[in-house]
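The values are calculated or read from the model by the stated rules, or taken from the named source; none is laboratory data. These numbers come from a predicted model, not from an experiment. Don't worry about glycine lacking a Cβ; one is built from the backbone with ideal geometry, like all the others, and counts go over all protein chains shown.
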């Protein structure tokens, strides 16, 4: 139920909607399948972290701070605890660590027209478009080591039409996300070859990259 309070001296009425009451039924069902009988023992922060990981595919501590008032240290402890339980799995190190739901792979392409003015089509790993991207990535994907120029040229081709997430690029190229970020995407953004979907917010949950036009 909404929490309604009135401040008579300011002639103001405020309505606070608890986030937990807004968890869609299908999302809660999936989270219950992951967490099991411990779901009812989760704190509000625990549940919100899991909901955000479900919504965005993967999140970092900084992403959660946009939605919660807890200290980053407390959020970090929550993320660590959920990971130890196996309900989240992590990738990366330090401040670059990102988390996704345990037992659930993020959608390779989740482009919402609410956040991105462009194609709202959702691609899956068996779609014709994804197979086309795999063909483009093949010269790099099928090699253990590839020439840097070849990798950069391939990334530019992959990102020519749409914003693509770092994780999707890494999957297409068969490389680790940290390696793709540090050796290619980061420098290519710096040199003006790629443009981020959310400039100034490198850790945005829906960050993606497109060849600069």
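Any chance you could count how many residues in the range 179-195 are surrounded by fewer than 16 Cβ atoms within 10 Å (Cβ to Cβ) and either part of a helix (DSSP H, G or I) or touching a residue at least 60 places away in the same chain (Cβ under 8 Å) (or both)? Give the steps one after another, and end with the answer.
The first filter runs over the range 179-195 and keeps only residues surrounded by fewer than 16 Cβ atoms within 10 Å (Cβ to Cβ), leaving 179, 182-183, 186-187, 190-192.
Applying the additional criterion that residues be either part of a helix (DSSP H, G or I) or touching a residue at least 60 places away in the same chain (Cβ under 8 Å) (or both) yields 179, 182-183, 186-187, 190.
Residues flagged as surrounded by fewer than 16 Cβ atoms within 10 Å (Cβ to Cβ) and either part of a helix (DSSP H, G or I) or touching a residue at least 60 places away in the same chain (Cβ under 8 Å) (or both) within the range 179-195 amount to 6.
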(message) I'm trying to understand the selection: among the residues of the range 145-178, which are within 18 Å of the chain's Cα centre (by Cα) and not in a helix (DSSP H, G or I)?
(response) 159, 162, 163, 164, 165, 175, 176
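I'd like the full set of residues that are in contact (Cβ under 8 Å) with a residue 40 or more places away in the chain, assigned to a helix (DSSP H, G or I) and buried (at least 18 other Cβ atoms within 10 Å of the Cβ), limited to the range 57-76. Before the answer, list the steps.
First, pick out the residues of the range 57-76 that are in contact (Cβ under 8 Å) with a residue 40 or more places away in the chain: 57-60, 62-63, 67.
When the remaining residues are screened for being assigned to a helix (DSSP H, G or I), the result is 62-63.
The one that is in contact (Cβ under 8 Å) with a residue 40 or more places away in the chain, assigned to a helix (DSSP H, G or I) and buried (at least 18 other Cβ atoms within 10 Å of the Cβ): 63.
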(request) Name every residue in the range 81-96 that is surrounded by 11 or more Cβ atoms within 10 Å (Cβ to Cβ), in contact (Cβ under 8 Å) with a residue 60 or more places away in the chain and not in a helix (DSSP H, G or I), in order of residue number. (result) 91, 92
(request) May I ask you to verify whether residue 44 is surrounded by fewer than 19 Cβ atoms within 10 Å (Cβ to Cβ), in contact (Cβ under 8 Å) with a residue 24 or more places away in the chain, out of contact with any strand residue (DSSP E or B) (no Cβ under 9 Å at 6 or more places or on another chain) and farther than 20 Å from residue 96 by Cβ? (result) yes
(message) Considering only residues that are surrounded by 15 or more Cβ atoms within 10 Å (Cβ to Cβ) and at pLDDT 70 or above, which ones fall in the range 104-133?
(response) 130, 133
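Might you let me know whether the range 199-213 holds any residue that is over 30 Å from residue 66 (Cα atoms) and at pLDDT below 90?
The initial filter retains those residues of the range 199-213 that are over 30 Å from residue 66 (Cα atoms), namely 213.
Going one step further and asking which of them are at pLDDT below 90, we end up with 213.
Yes: one or more hits.
Residue 14: exposed (fewer than 13 other Cβ atoms within 10 Å of the Cβ), in contact with a strand residue (DSSP E or B) (Cβ under 8 Å, 6 or more places away or on another chain), modelled with pLDDT under 80 and in the same structural domain as residue 88 (by TED's automatic domain parsing), yes or no? Give the derivation first.
Details: exposed (fewer than 13 other Cβ atoms within 10 Å of the Cβ): yes; in contact with a strand residue (DSSP E or B) (Cβ under 8 Å, 6 or more places away or on another chain): yes; modelled with pLDDT under 80: yes; in the same structural domain as residue 88 (by TED's automatic domain parsing): yes.
In short, yes.
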